[in-house]
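A quick write-up on the structure given underneath.
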Amino acid sequence: MTYLMETKNEAKRLLMKSDADSTRAQLQLTGLKPRMSAVDAGGGAGFVSRIMAQIVGEEGCVSLVDQSSDRIQAAKDYIKPYSNVFYVQSDLRNIPIATGSVDYVFCRFVFEYLDEPTEVFDELYRIVKPGGRLIIGDLDNNILTHYPLGVELEQKLMQIVSEFERLKLWDPYMGRRLYSFYRQSSMREITVHMLPHHLIYGEIKDADYQNMKMKLDRVCELWKSGSIQLNFDPEIFQREFLEFFKSPDRFSYTPLILVEGVKALKV
Ligand SMILES: C[S@@+](CC[C@H](N)C(=O)[O-])C[C@H]1O[C@@H](n2cnc3c(N)ncnc32)[C@H](O)[C@@H]1O
């Protein structure tokens with residue numbers, strides 16, 4: 001499936017932007033424990049899998065599933081010393097893992113890119129053991145909440161986002177949709193957490209700045225190749241937006257919605 005952020009630097013971007021403390025806290029909050037069998041679905045360059053491997057320990061195991069051979073290779077390099085991680089290059093719509101075999105499935109920052117999220121939800125649900133847990137996390141209002149942005153930049157940002165939505169390449173509101181996937185399944189004990197993913201004020205961290213820059217680089221690249229249509233030059237927008245984003249006066253935030261559920265013992 002087409003992945004919006006498919007560039008040669010994507011593994012690097014994923015490792016650079018991720019935060020170990022909040023990732024560990026999310027895994028512990030949603031029930032990952034020693035000795036479990038776990039899946040990191042759309043695991044990218046392995047940042048989450050590495051922490052999962054530490055939590056489940058040698059008596060547990062983690063399978064990192066991702067469609068990209070580049071990211072799988074980057075993950076192997078990044079995770080190297082952990083022998084309890086298995087690498088599965090696969091589309092999430094058809095995962096080569098047995099039905100009802102996994103204690104804990106975690107899938108973060110992936111659904112926003114899927115044009116058929118219910119298909120992937122059903123597939124993740126399939127591999128969870130009865131009594132096991134499925135956790136899906138995504139952002140809401142992704143990239144959209146900044147103050148004081150100004151009307152012109154805000155309208156241009158909305159135009160970029162709408163273009164990706166129109167092409168079904170990306171959904172900035174995926175966070176709010178996740179709960180409904182769980183409600184439409186036979187999941188039990190559904191719990192929703194809302195956590196501050198971005199909370200940016202004052203001086204910007206280099207990782208946050210570079211992450212935003214790389215996203216806007218991708219917009220420019222897609223515009224130049226004619227893959228997206230905009231009625232303004234995104235290179236000029238990028239300069240102006242990054243100037244704003246760098247300012248310590250700017251306030252930006254994005255909530256992460258993390259939904260967990262338990263697969264019923266009998267469906
Ligand atoms: C933004 S990264 C998320 C990385 C990681 N889950 C995290 O929380 O940092 C999204 C990953 O999902 C993978 N992906 C997107 N669609 C996929 C699909 N249909 N099947 C398998 N992997 C997919 C991409 O290759 C990419 O590595």
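All of the numbers you see were taken from the coordinates with simple rules; none came from a lab. Because the structure is a prediction, the values reported are computed rather than measured. Glycine also receives a Cβ, built like all others from the backbone with ideal geometry; neighbour counts cover every protein chain displayed.
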#### Entry: Cleavage-rule hits (trypsin sites (Lys or Arg not before Pro)) in the stretch 188-267: DSSP loop, at most 14 neighbouring Cβ within 10 angstrom
205, 266
### Query
Name the chymotrypsin sites (Phe, Trp or Tyr not before Pro) in the stretch 197-267 that are in a loop by DSSP and that have at most 15 other C-beta atoms within 10 Å, would you?
201, 232
### Task
Scale the Cα Rg of the stretch 84-228 by the rule-of-thumb value 2.2 N^0.38 Å and send over the ratio, two decimals.
1.22
### Task
Let me have the 222 nm mean residue ellipticity of the chain computed from DSSP H runs of 4+ only, each contributing -39500 (n - 2.57), with the sum over all residues rounded to the nearest 500.
-12500 deg cm²/dmol
### Relative counts (whole %) of C-alpha pair distances in the stretch 10-262, using bins that are 5 Å wide
1, 6, 13, 17, 19, 17, 12, 9, 5, 2, 0, 0
## Note on the structure
Of all lysine pairs in the stretch 111-241 that are eight or more residues apart or on different chains, those with Cα atoms under 27 Å apart total 12
### Summary
Whole-Å distance linking the alpha carbon centroid of the stretch 70-111 with that of the stretch 1-27 is 14
